[in-house]
Each structure stands twice: as C-alpha cells, then as structure tokens.
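K.L.:
Let me begin by handing over the structure; questions about it come next.
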Amino acid sequence: MLAIVSLAVENVLRLLLAALLGAMVGFERERNEQPAGLRTNILVSIGACLFTLMSTVGIDRAMGDLDGPVRFDPSRVVSQVVVGIGFLGAGAIIKHGLTVRGLTTAAGLWVVAAIGTAVGLGSYDLALAATGIALMALYALRPARRWVHQLGGGRDEILVRAGPDAEVTRVLGLARQAARGELQAEIEIEADGSQTIALSAEFGPPSSVDGVVAELGKVMGVRRVETSG
C-alpha cells in the first residue's frame, strides 16, 4: 500500500514539474503575445506527461489483473504524442499577406511536448536541460537573430493590427521613413472594418525594429504591433 501511495505522489510531482517547465517556455510566448501562450504550453506539457505516464504506469495497472502475459509497446503512445502535436502546432502558424507568423510558437509547442514526455519517463535531467536550452533560444538569441538579420541585409517583418479609424497613411509613412530601401506593404480589411497591415523592409541603423514598433504603436487607431519570431 505504501509503495502505491509513493508511486502516486511521484506521478503527481511529475505532472507538476511538467506544468512548471511548460510555463517557463510559455511565459516568453505570452509576453510576446503569441497565439500559443502560457496556458497552452502548460496544458501541452501536462498532456504529454500524462500520456507518457499512462503508456507505462497506467497500462500496467489496467492489465495487472488479466491472466497470462500481455505484451504492449509504450513507445506507441509517445509516438502518437509527437504526431498529434503537429496538428496543434500547425494551428499556430498564421499567414498575413507578406508575413508568416507562428513558426517559433509551433516549434515551441513541439519542444514543450517533448519536455513533458521526458518528465513522464523520469528523465528529469533531459527535461531540465531542454527547458534551459529552449529558454536561451527564445530569450538570449532574439537580439543575436536581429543582429545576424541586419548583418546579412535581410528583411524585417512587422504586423500592424489596427481599427477601422486607424491612420494607415501615417503607419505607411513612418515605416517608409525608417526603411532602408524598398518597403513592401499589404493591407487586409476584415468584415468589421479592422485592418491588418503587413510591412516588410530592412530596418537597419539608425532605425531599429524595436524603435519602429514603438513609433507605430503610437499611431492613432493602432491596436497592436508585432514582429516576426
């Protein structure tokens, strides 16, 4: 009886650890207002951990009373988690005109599912290491990504979400002033009149992507300004 209670406590602690590690990754996505934020990453990590636990401990319990040997492959459940998370990740990828957003978020969900699976299997060292590396990629490499992008002369992508009364000409004017070279812009108008303005240009010195985002956010009628990644 004591062994059963001890195992139950351990499994609950695994679920809690999976939730914590998922929250650490999800916090960065929530902070940057991405489609899959804090709660989504927590749920994905818990779900992956629970499926993994059920493929090992749960199936053992369910078949413990059966007579004769029963053979099953726990890895089949884990493989289905990998496949299933692909559908959820695909839902986070959004195309707005010239820009495609959500790739980092989709990859993050995939990694969080793997972290939850590792916790479910008891591989805490791998789960903690993967979480640390993922956070480093999301936080520490963001400035480095922009530096490499500017060094290579790449184009930055900005998505402006605005209301029906937004000063679109002001948005385009500010972006054109800050752009180095050609500015590409595409405007989509929703049924309620709200507008999505996709901007693509090279915003190098003396301007910066963060500076352009801040200026665009001050324009009347602009609700939110996002960058790729």
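K.L.:
Place the peptides 160-172, 117-129 in order of packing, highest mean first, counting for every residue the other Cβ atoms within 10 Å and averaging per peptide. All intermediate terms of the calculation are to be shown ahead of the outcome.
P.N.:
Numbers: 160-172: 16.8, 117-129: 18.8.
For the peptides 160-172, 117-129, the packing ranking is 117-129, 160-172.
K.L.:
Provide the net charge surrounding L21, with neighbours chosen by a C-beta distance below 13 Å and charges set as Lys +1, Arg +1, Asp -1, Glu -1. Display every interim value, and only then the final one.
P.N.:
Details: positive: R14; negative: E28, D125.
Local charge sum for L21: -1.
No lab work stands behind these numbers, since they all come straight from the coordinates. Since this is a predicted model, take the numbers as computed values, not measurements. Cβ: placed from backbone, ideal geometry, glycine included. Neighbour counts: every protein chain shown.
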